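Nothing in this text is a laboratory measurement; each read-out follows from the coordinates by a stated rule. Since the model is a prediction, treat every value here as computed from it, not as a measurement. Methodologically, a virtual Cβ is constructed for each residue, glycine included, from the backbone with ideal geometry; neighbour enumeration extends over all protein chains shown.
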Amino acid sequence: MKNKKKFHFLSETVKYKGKYKDKQTDKEKENKKEDNHGKEDNENNVKKLVSWTEAYQINSRAFQLIYKENPSMMISRLLCVVWEALTPYVGIYFSALIVGELAGNKDMSRLKELVLITLLSQAGISLISAFLSKWRNTQSCAVYYQVEKIYTKKLMEMDFVHIDNAKIHEQLYKIQQNQRGGGWGLFKVIFDYEAIVSAIFTLFGGITLTVSLFTSAVPEQGGKYTILNNPLFLVLVIFSMLAVTYISPVLTNKAGSYWAMNSDVHNLANRLFGHFGWLGSRWKFAADVRMYRQDIICDKYNGNKEGAFCSKGIFSRYFAGIAGLYHGAAAGISVIFTGIVYLFVCLKAWTGAFGIGAVTQYIASITKVSSGVSSLILMAGSMRNNASFLKQSFEFLDLPNPMYQGSLTVEKRMDREYEVEFRGVSFQYPGSESFALKNVNVKFRVGERLAVVGENGSGKTTFIKLLTRLYDPTEGQILLNGIDIRKYSYLEYMSIFSVVFQDFMLFAFPLGQNVAAETECDSKKVRECLEKAGFGERLFTMPDGIHTYLYKHFSKEGVDISGGEAQKIALARCLYKDAPFIILDEPTAALDPIAEAEVYTRFNEYVGDKTAIYISHRLSSCRFCDEIAVFDSGQIVQLGCHEQLVKEKQGKYFELWQAQAQYYTG
């Protein structure tokens, strides 16, 4: 029997072929695979290098973005690298003078003077270095979060239609994976520019102390060695040094490009390791791991030698082959440069062009010049490699916000007399061919209780997102007091709604801050809202009352709360905002029907003259509402109170009611 199967792992496709016998084990079958050794890379995962011009432009833009976010951080870091690049030459210069004096006149007073100047200069350098270092460290203590803040600000500013788009989240996740895994992206720009500035000033200082090496002439008694004075010979030596200096970092960049080109392979490997490598330490999954022996799955992935980072993986093959040759050649060429420098300097010193003290100065400074040139070339290549990742970052940061923000002020009515109307509203999710809502027409006023019911995918949550203007309609209008809601100031319009979504979030902050959704809160109001939401008894047991931290992320005294308690806190948050419209989007779905009905009934008592909209799968929980809107396939198919709708035996509401009632009646 001939069997072929493909196993996709770490973006490498390995084909298994061969004739299988009944007696073969799965392991033996798995071992019979054709070893491609990464001869064909997955082209979709290879990052193409951008042009040098584009690389410069995109890196400059990234630097300006980071500088604008925190100029003090960038100034402190760059000043530090400038200081660190130039100050070593002070020691090199005075050391050369001391060695020269020892090898020459040996004037004791001159030696004392040079040593004293050297010590004082080093003391001053150390003092200033400590000050600059402290400034830099203070400004850079949150450098990682400064970069993350750029993406967070974009998330907060972008239209919700993007926030709710899985492709956008995947785009951001790839950016974060590249940053955390390979160090690519905006975060790398900080260190690349530091290295560039350091290289430039290292080069400047080194050239200053090296110029005299080439201008110092070999005396005539040097015989045939006077050829070292020939300008053509000097040009040849300088060219040789620069060529060797250039080739070494170019080869290093070429080796490093294999990481950049295969970043998707690298990221997927990190994701797999992050999951399977740590699955056993996640106590929440312990029962499933034990019951279904998921440790066997972990062994399969963690023990796979063809994994990206393993002995037979793609990177191992690269660095055992071509990439390793590039690295080795780069190291060998750097040794050649050192040999050329020593030979040239020692020949000129031996022929009497300068003294022994100058040898120390020239060898040290010209080596610094070489490292400066090498670093410049290396960083230029690094920035070019990073440019393709920066493009990904800016594709995300440049996402447009087409939603009109509006300018009208929402009227703050003391009588809370608001009227909302959906007029022929249809909505189609981006990229979808079908409508999530189609021709919805409904009107309700403040003080009413509206229930929204229907099966999964019928359009209930989409209806709420349109009402709160997280989305704009594809067709039709939503009116507030007769005015299209798109004309109102976006943030002001959202302020009249208080919503508890089914996937609400509580944070590891104090209880009071969770309820108020602010760092400062009205303690009395917080307690009242918690009591109204049914959290009063639990609040009494909290060690620090409303100042008790939820969870233990930021405080070892933090308390863990149950799902039901979390729901009550979310309801208290909804009451605290005191908005004229209150919406509960299945926040109690995890509760049993009786408990959910009790929560809704209690909550309804405290809503007062506000408009309340309840979304629930359980029809019995919403019987108290003034009207019930029944959704089916994106449309409102029925509208009325429970008594009316349950009599329409051909209607969708009756069908849903009967389907649920059979579980509670004999």
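Structure notes:
- Dividing the Cα radius of gyration of segment 46-86 by 2.2 N^0.38 Å, with N the residue count, gives 1.52.
- Positive minus negative residues near N441 (Lys, Arg vs Asp, Glu; Cβ under 13 Å): +1
- Degrees separating the helix 593-607 axis from the principal Cα axis of the chain, which is the longest one: 90 degrees
- Seen against the Cα atoms of the chain and their longest principal axis, helix 263-276 is set at about 60 degrees.
- Alpha-carbon Rg/Rh ratio, for segment 397-519, with Rh computed the Kirkwood way: 0.98
- Within-13-Å neighbourhood charge of K68 [Cβ basis; K, R +1; D, E -1]: +2
- Efficiency of FRET from Cβ geometry, T601 and A130, R₀ 56 Å, rounded to 0.05: 0.25
- Here the scattering of segment 517-639 is modelled by Debye summation over its C-alpha atoms, one equal scatterer each and no solvent; at q = 0.23 Å⁻¹ the log10 of I(q)/I(0) is -1.44.
- Taking label positions 7 Å along the Cα-Cβ direction at both R180 and A329, the computed distance is 3.7 nm, reported to one decimal.
- Axis angle, to the nearest 10 degrees, between helix 71-86 and the longest C-alpha principal axis of the chain: 20 degrees.
- Of the three principal axes defined by the Cα atoms of the chain, the extents in descending order read 121, 75, 50 Å.
- Extension reserve of the I227-Q428 stretch, reckoned as 0.36 nm per residue once the Cα distance is removed: 64.2 nm
- In this simple spin-label approximation, H169 and Y292 carry label points 7 Å from Cα along the Cα→Cβ vector, and these lie 2.0 nm apart.
- For segment 187-203, 3J(HN,Hα) per residue [Karplus equation, 6.51 cos²θ - 1.76 cosθ + 1.60, θ = phi - 60°, Hz, x = Gly/Pro]: 4, 5, 4, 4, 6, 5, 5, 4, 5, 5, 4, 4, 5, 4, 6, 5, 5
- When each of the peptides 231-238, 76-83, 63-70 is scored by how many other beta carbons lie within 10 Å of its residues on average, the order from highest to lowest is 76-83, 63-70, 231-238.
- Net charge in the neighbourhood of D295 (other residues with Cβ under 14 Å of its Cβ; Lys, Arg +1, Asp, Glu -1) is +2.
- Separation of the S495 and Q650 label points, Cα + 7 Å toward Cβ, nm: 5.0 nm
- Residues D398 and K149, FRET efficiency given R0 of 22 Å [Cβ-Cβ distance, rounded to 0.05]: 0.80
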